[in-house]
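Report on one structure; see the data block that follows.
The values are calculated or read from the model by the stated rules, or taken from the named source; none is laboratory data. What you see is a predicted model, and the numbers here were worked out from it, not measured in a lab. Backbone-built Cβ (ideal geometry, glycine too); neighbour counts: all protein chains shown.
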Amino acid sequence: MTDFNDHLNVSWWALRVGLGVGPIITGIDKYFNKLADWSMYLSPLAAKVLPFGATTCMHAVGIVEIIAGLIVLSRWTRIGSSVVMFWLLGIAVNLVTTGMFYDLATRDVEIAIGACALTQLTAVREQQATIRSNAKGMPGSQFVETRQCDTKKLNRRIPMRKLSSFLVLLGLCAMPALAAAATYENVPVVDVNCSKKVAADPDTHTRACAMKCAASGYGILTKDQQFLKFDSAGDAKIVEALKASGAKDHLRVNVEGNVQGDTLKATSNKLL
């Protein structure tokens, strides 16, 4: 590639705007929680070592994201996109250590790859701008010599760029391996229809009501009040267990499985 052509320029602007505006919006929302309840994404491991609460932590995260977005939109795009890339990889690690949200972690790694691409495109764009600037007033032969020298300098950077890209891709490929099985012991099991209605006191939910609403599917209420829905196989096992159970209410289970978003793919569940 000899010139930063119009097609690459469109790609550069799309990545720059997206990776600049996005962090600013999510950073501001860390103070309002309109897009999501951000504190639920904080790893329990991080919560144990932080000297302040989850809300304060999210406010600090918001400040970092706003600053990173502004840097991407400024003249220091290459630095800002690198910050965004490593920041997103850090968030992905945080999400993995929660024992859930593996889909969001994978998404963040993919966005980090986009940030890595923006870093490389910006480097080439800056190099081309420098070449054009140096070309003004130069004799033809001197311009060619200078351009060749600049191209050699750019090519020497390529191994490091390939290494950065490789590390990001490696992180993406490693995400499924990090998705360890989650275990929930003695947690309430309720049907989807009644999950919000009985969330405050799930043990009052009766087996008769649960059987009546079987078509909606079932799930568990975790200790942090998150509702995780079983997949179809998990639903079938719960239906069999409820039919065989003599309990009137206080329906609880021990469950092991993998969490993907708000769905729990149970490998084993036992009605208590």
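Could you check segment 40-81 and list, in sequence order, the residues that are in a loop (DSSP other than H, G, I, E, B) and within 16 Å of the chain's Cα centre (by Cα)? Before you say what the answer is, go through the steps one by one.
Of all residues in segment 40-81, those in a loop (DSSP other than H, G, I, E, B) come to 42-43, 50-53, 74-76.
Listed by number, the residues that qualify are Leu42, Ser43.
With respect to Ala241, determine if the residue is without any contact (Cβ under 8 Å) to a residue 24 or more places away in the chain and outside any loop (DSSP other than H, G, I, E, B). Steps first, answer last, please.
Values: without any contact (Cβ under 8 Å) to a residue 24 or more places away in the chain: no; outside any loop (DSSP other than H, G, I, E, B): yes.
Answer is no for this residue.
Condition first: touching a Gly at 6+ places or on another chain (Cβ under 9 Å), modelled with pLDDT of 90 or more and of a type outside the set (Phe, Trp, Tyr). Can you find one or more residues in segment 5-15 that meet it?
Taking segment 5-15 as the starting set, the residues that turn out to be touching a Gly at 6+ places or on another chain (Cβ under 9 Å) are 15.
Then keep just the ones that are modelled with pLDDT of 90 or more; that gives 15.
Imposing the further condition that a residue be of a type outside the set (Phe, Trp, Tyr) reduces the set to 15.
Looking for residues that are touching a Gly at 6+ places or on another chain (Cβ under 9 Å), modelled with pLDDT of 90 or more and of a type outside the set (Phe, Trp, Tyr), one finds at least one in segment 5-15, hence yes.
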Handout entry: All positions within segment 99-121 that are surrounded by 20 or more Cβ atoms within 10 Å (Cβ to Cβ) and part of a loop (DSSP other than H, G, I, E, B)
Key = Met100, Phe101
Practice task
Only residues that are surrounded by fewer than 20 Cβ atoms within 10 Å (Cβ to Cβ) and polar (S, T, N, Q): list them for segment 72-86, please.
Solution key: Ser74
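Given the residues Gly69, Gly27, which is the only one that is touching a Pro at 6+ places or on another chain (Cβ under 9 Å) and of a type outside the set (A, V, I, L, M)? Step through it out loud before you land on a result.
Working: Gly27 fails: touching a Pro at 6+ places or on another chain (Cβ under 9 Å).
After ruling out the rest, the residue left standing is Gly69.
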Exercise for the section: Scan segment 9-39 residue by residue and report those that are within 16 Å of the chain's Cα centre (by Cα) and either assigned to a loop (DSSP other than H, G, I, E, B) or among the basic types (Lys, Arg) (or both). Expected result: Lys30, Leu35, Ala36, Asp37
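Return the only residue of Val189, Val259, Val198, Val239 being at pLDDT 85 or above, buried (at least 21 other Cβ atoms within 10 Å of the Cβ) and β-branched (Val, Ile, Thr). Steps first, please.
Numbers: Val259 fails: at pLDDT 85 or above; Val198 fails: buried (at least 21 other Cβ atoms within 10 Å of the Cβ); Val239 fails: buried (at least 21 other Cβ atoms within 10 Å of the Cβ).
Every option except Val189 fails the conditions.
Identify, from the list Ile28, Ile66, Ile24, the residue that is farther than 21 Å from Thr119 by Cα and not basic (Lys, Arg). Give the steps one after another, and end with the answer.
Values: Ile66 fails: farther than 21 Å from Thr119 by Cα; Ile24 fails: farther than 21 Å from Thr119 by Cα.
Within the list Ile28, Ile66, Ile24, the selection yields Ile28.
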